[in-house]
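Chemist: Sending over a structure as C-alpha cells; questions will come in a sec.
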Amino acid sequence: AGPCDIYASGGTPCIAAHSTTRALFDNFNGALYQVQRGSDGATTNISPRSAGGVANAGTQDSFCANTTCLITIIYDQTGRGNHLTQAPPGGFRGPEANGYDNLASATGAPVTLNGQKAYGVFISPGTGYRNNRVSGSATGDQSEGMYAVFDGTHYNGGCCFDYGNAETNSLDTGNGHMEALYFGTSTSWGSGAGSGPWVMADLENGLFSGVNVKQNTGDPTVNYRFLTAVLKGQPGNWALRGGNAASGSLSTYYNGARPNASGYNPMKKEGAIILGIGGDNSISAQGTFYEGVMTSGYPSDATENAVQANIVAAKYATTSLISGPTISVGSTVSFRATTSCCTTRYIAHTGSTVNTQVVTSSSSTSLKQQASWTVRTGLGNSACVSFESRDTPGSYIRHYDFNLVVNANDGTKVFAEDATFCPKAGLNGQGNTITSWSYPTRSWRHYNDVLSIASNGGVHTFDSTSLYNDDVSFIVTPGFA
Ligand code: AHR
Ligand code: AHR
C-alpha cells in the first residue's frame, strides 16, 4: 500500500498527494509531474514506471537532453485536481514576469528510490508553487493532517520553506489563517532546541514549535539527509512529529494546545496549498521537497507511523550531482568559451569581476594566473566543487545578485553555497556546463564577455535564450598557471 492507501484505511483520506519521485497510492499510474524544456517550450508528463512505482526519470532525461527543463506542474494524485503550479504574486512578488515565482529545475535534486533514479523539487529563494482553489481541504477549525519528505541539509533562515494549508488570496489575512509545515533556521518567530534547522508549524504571523510563541526545546534540531516532517491540527489541539525518512520511526516533537497567542484558537484555515513559500508569497526560503500529502481529518499516530514505515521502505538515497568530463579536486584548470565568437577567450577575473579574456601561452604571467582556478571540494556541498582564484588564495568564484564575482571566503553559509557549483556535461555537447548548486536553473554564462549565473530564458538580459547552450558550455583545460 502507498501512503494514501494507509491514510484511507485510517479514516483520514488524502485530499492532495504530491510527489515528483513516486506514486503515493498503490494503484496510481497517472502523471506525477510535468516538465517544460527550454529548447522549444514543449512539455511532457512524467509518470511512474509502473502503478504504485518510482517516477520514470528516463523519460525526463531523454526529453530534456541537451537543454534545460523546469517543473511546471506537480500533479495531485488523489483525482481531486489539486495540482501545484507556478505561484502568483501575493503580499510579495516573485522574480519572474508579472510577479510570478520561479519554477524549479527538473534536475536540481536527483535521488534514488530502491536504486531507481528520480528527481525532487529543489526550491531556491524565489521559487514557489501554489493552488488557491483546492477541493476538499480543511477550512476554519476543521481537522487535517499532512506530511512531507524534505532534504534535511537544504535550508536557510528566510521566510518560509513551507508545505501545507495557506490563504486563498496569497495575502497575509491574519493569525490562524495557515497550517503548514515549515523547515529551516528562521528565528524571527519560534525556534526549537539547538541551532536548527527545525520542523515548525507556520500558522501565519508565526512559526511555532510548541505552545510557547518563542522557543520550545522539545522541538529538536533535525538534519537527516532525508527528513519526514509531520503536522496535524484539530479543534484545540495540534501536533508536530518527525524522523529520519531513510530509517527508524517518528518522534513526537509536540502534541498539545494551540499556541499561547491570540488568533490561533479556533483556527481560520483557508485551504489553499503552498510549496516553498510563505502564505503571503514570501520567497526568501530554500529547501527540497520529494513528496507530501494533505489529509481530511486528524490522522492517528499509528496511521502516521505506518506511513513512515512506507517511506523508509521506499529507500531514498543520494546519487551523483555531477556529469560530463571530470574536473578533479586539487587540480588547477582554465575554462575556454565554446561560442563561435569567443573560442580564444578564457574565464578570468579583473578585480572582483569575472569575465572572459583572450589568453595564450605567451600571455603575461599575471593574466595566466587571473585565468587559472584551483578546484576545491564544494564549500557548500561536498558532492560538488568550488573554484579558488590562483592569484588570490582564499578567494573563490561565487555568485552575487546572479553575477559571478571573485570574493574572499567570509565563512558564511550563503558564501559557501554561492561558491558551490556542480559541473554537468556541456549543454552544446562540448566540455562542461557549470551549474550553480544553490540555483540549479542557473549556470555559468559569458554574455558580453562578463560571467553570470544565467537561466535559459528569464528576466535578466543575460538570461537570453539566444546562444544559451553555447554560452554555458566551456572546455576545461589544464590551468595556464
Ligand atoms: O507565519 C510566517 C509568515 O508570515 C507567513 O508564511 C507569511 O504569510 C507571513 O509573512
Ligand atoms: O546571486 C544570488 C544571491 O545574491 C546570492 O545567493 C546572495 O549572496 C546575493 O544576495
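Chemist: In contact (Cβ under 8 Å) with a residue 60 or more places away in the chain, farther than 17 Å from Ala104 by Cα and surrounded by 15 or more Cβ atoms within 10 Å (Cβ to Cβ) - does that describe any residue in segment 42-52?
Modeler: Yes, some residue in segment 42-52 is in contact (Cβ under 8 Å) with a residue 60 or more places away in the chain, farther than 17 Å from Ala104 by Cα and surrounded by 15 or more Cβ atoms within 10 Å (Cβ to Cβ).
Chemist: A further question follows. Looking only at segment 193-212, which residues are closer than 17 Å to Asn223 by Cα, more than 10 Å from ligand 1 (Cβ to nearest atom) and crowded, with 24+ Cβ neighbours inside 10 Å?
Modeler: Those that are closer than 17 Å to Asn223 by Cα, more than 10 Å from ligand 1 (Cβ to nearest atom) and crowded, with 24+ Cβ neighbours inside 10 Å: Pro197, Trp198, Val199, Ser209.
Chemist: Filter segment 249-269 down to residues that are buried (at least 23 other Cβ atoms within 10 Å of the Cβ) and under 26 Å from Leu84 (Cα atoms) and give me whichever is farthest from the chain's Cα centre (by Cα).
Modeler: Filtering first and then ranking leaves Met267.
Chemist: Give the residue that is surrounded by the most Cβ atoms within 10 Å (Cβ to Cβ), with candidates limited to residues of segment 214-247 that are in contact with a Gly (Cβ under 9 Å, 6 or more places away or on another chain) and among the hydroxyl-bearing types (Ser, Thr, Tyr).
Modeler: Applying the filter and picking the extreme gives Thr228.
Chemist: Another question about this same structure. Among the residues of segment 1-41, how many are under 21 Å from Ser300 (Cα atoms) and free of Cβ contacts under 8 Å to residues at least 40 places away in the same chain?
Modeler: The qualifying residues number 3.
Chemist: Here's something else I'd like to know. Test Thr461 against the stated conditions and say whether it is at pLDDT 95 or above, more than 11 Å from ligand 2 (Cβ to nearest atom), farther than 21 Å from Val375 by Cβ and polar (S, T, N, Q).
Modeler: Judged against the criteria, Thr461 is a match.
Chemist: If you don't mind, there's one more thing I want to ask. Which of the following residues is surrounded by fewer than 23 Cβ atoms within 10 Å (Cβ to Cβ) and under 26 Å from the mean Cα position of the chain (by Cα): Ala313, Ala272, Ala285?
Modeler: Among Ala313, Ala272, Ala285, only Ala313 is surrounded by fewer than 23 Cβ atoms within 10 Å (Cβ to Cβ) and under 26 Å from the mean Cα position of the chain (by Cα).
Chemist: Now for a separate question. Could you list, in sequence order, all residues of segment 278-301 that are polar (S, T, N, Q) and more than 16 Å from ligand 1 (Cβ to nearest atom)?
Modeler: Once the filter is applied, which keeps residues that are polar (S, T, N, Q) and more than 16 Å from ligand 1 (Cβ to nearest atom), segment 278-301 yields Thr288, Thr295, Ser296, Ser300.
Chemist: Between Asn82, Asn29, which is over 23 Å from Asp151 (Cα atoms) and surrounded by 22 or more Cβ atoms within 10 Å (Cβ to Cβ)?
Modeler: Asn82
Chemist: Of the conditions (1) surrounded by 19 or more Cβ atoms within 10 Å (Cβ to Cβ); (2) within 17 Å of Tyr253 (Cβ to Cβ); (3) touching a Pro at 6+ places or on another chain (Cβ under 9 Å), Thr185 satisfies every one except a single condition; which number is it?
Modeler: With respect to (1) surrounded by 19 or more Cβ atoms within 10 Å (Cβ to Cβ); (2) within 17 Å of Tyr253 (Cβ to Cβ); (3) touching a Pro at 6+ places or on another chain (Cβ under 9 Å), Thr185 is out only on (1).
Chemist: Quick check on Ser436: is it within 18 Å of Ser323 (Cα to Cα) and out of contact with any helix residue (DSSP H, G or I) (no Cβ under 6 Å at 6 or more places or on another chain)?
Modeler: yes
The values are calculated or read from the model by the stated rules, or taken from the named source; none is laboratory data. Owing to the predicted nature of the structure, the values given are computational and were not obtained by experimental measurement. Methodologically, a virtual Cβ is constructed for each residue, glycine included, from the backbone with ideal geometry; neighbour enumeration extends over all protein chains shown.
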